[in-house]
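The next block holds one structure in the form of structure tokens; read it before the comments.
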């Protein structure tokens, strides 16, 4: 699911399939049908109340966590909350870390300290485990100082992350992990590795471990940024991956190939491609109209697209092309939301809503039929609207917000709204550089229903966006009661 993004001064391009004018018209009709959208700037009394903490401020004075600028993932595992962190753009960075919190209010414990600025790979999965039913597996990127870069994992109840696999490229980094259970019950894990590509590991249920192969299943173009694997999903009987602007599907690796009489062999096929956008984000499997569908965001242009019929593709490489269904133009929603709250946002040009990132990691189910994801946006031409607070130098809006999706009717019609988090009253304006803790929140990068209460939502984030920052990585908790309605 690149350590530093390219400059974000312009708007990214959307997916090419379909007419741009038709997509825009469909989005306008959709937004009109949704009725009033809900947006909550900092001054709005209905803003989601959040209990914040800053990882840097909660750490001891001599802790390497004092330089934490971003919290990139939240994962529930064995009844605990785990997190990955970043120190990108910190004044004196040491490296990101894997953290664990054993109970509400307990201190964060450092499980793995790395020498990499950004730790992006952390996820938990449930896979078949023979007679024992289901195994809970935690996988993490590991880059111990002065050691080869590794994948680490634990199978519950173990939490040590002691199982390890050395990446074939000693300097490789993992951006995302995935898992898929095939129709024959076998399970495969995936790691998106730069500069290597997609690595696969076979789940050994008898030994309760992962057998990783050093040979990549998918290599895209040359090395480096071409291998930016932004996410994985298991959907409609197949594994899916996004690599920069391309959506791939992995042919089923279970069952019998009628052409050969033998088992299907793993192979990845391009389903949707557009090299012009800045990357596909948050690829996830959702249920829409009673069937599985792929949902993803387009970085830059801010589109959120759905792909139906993924369960009808079959195992063959040649299949009916997927056609994107435009669910949301996030920039239009942000603009309408802010205007509805009294902010003077120009429709175009300087100060209008610009580069947008919907769905950093995934679309997260937070209740029955309710899905949420984080979002961040900038303003064009470096012009921050006078009534908004912006990250210095880059003019990304300083408030952290999320997108909430519900669907109703038959056939289902999705409805989206933007909900923003209440920021502490002491937030400085203008924001100094380096940005201090609480100076700006910028982005909800991760969401997770609390392992200690199904009525609480854990959130985490901040994006440095090339702006010097110091101790800005935050974790928060808010009530799910309102978001689930």
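All of the numbers you see were taken from the coordinates with simple rules; none came from a lab. Values in this document were obtained by computation on a predicted structure and should not be read as measured data. No Cβ is skipped: glycine too gets one built from the backbone with ideal geometry, and neighbour counts run over all protein chains shown.
Here 190, 466, 165 are placed in order of increasing Cβ neighbour count within 10 Å, fewest first, which gives 466, 165, 190. Label-to-label distance for residue 393 and residue 454 is 4.6 nm, based on points extended 7 Å past Cα in the beta-carbon direction.
Among 368, 234, 213, the ranking by other beta carbons within 10 Å of each residue's beta carbon, starting with the fewest, stands as 368, 213, 234.
Hydrodynamic radius of the range 384-449 by the Kirkwood approach over all distinct alpha-carbon pairs: 13.8 Å. Here the ratio of the Cα radius of gyration of the range 350-485 to 2.2 N^0.38 Å is 1.10.
Which of rounded, prolate, oblate describes the range 168-222, given a ≥ b ≥ c as roots of the alpha-carbon gyration tensor eigenvalues and a/c under 1.5 marking rounded, otherwise prolate only if a/b is larger than b/c? Because a/c hits 1.5 or more and a/b exceeds b/c, the range 168-222 counts as prolate. In the range 54-69, whose amide N lies under 12 Å from the spot 7 Å out along Cα-to-Cβ of residue 429? List them in ranges. From the range 54-69, the list is empty.
Ranked by the mean number of other Cβ atoms within 10 Å of their residues, highest first, the peptides 459-465, 92-98, 381-387, 359-365 fall in the order 459-465, 359-365, 92-98, 381-387. Given a Förster distance of 56 Å, report the FRET efficiency between residue 306 and residue 62 from their Cβ-Cβ distance, rounded to the nearest 0.05. Efficiency computed from Cβ-Cβ geometry: 0.70. Were the residues from residue 92 through residue 466 laid out at 0.36 nm apart, the gain over their Cα-Cα distance would be 133.2 nm.
Look at the alpha carbon pairs under 8 Å that are at least 6 residues apart: their mean separation over the length of the range 20-479 gives a relative contact order of 16 percent.
Neighbour counts of other Cβ atoms within 10 Å put 68, 230 in the fewest-to-most order 230, 68.
Extension gain, residue 162-residue 412: 0.36 nm per intervening residue step, less the Cα-Cα distance, totals 85.5 nm.
The spread of Cα positions in the range 111-209, taken along each principal axis and listed from longest to shortest, comes to 40, 27, 18 Å. Once both labels are positioned 7 Å from their Cα atoms along Cα-to-Cβ, the gap between residue 339 and residue 270 label points is 3.8 nm.
As a ratio to 2.2 N^0.38 Å, the alpha-carbon radius of gyration for the range 20-479 is 0.95.
Here the extension length gained between residue 170 and residue 110 equals 19.3 nm, from 0.36 nm per residue of separation less the Cα-Cα distance.
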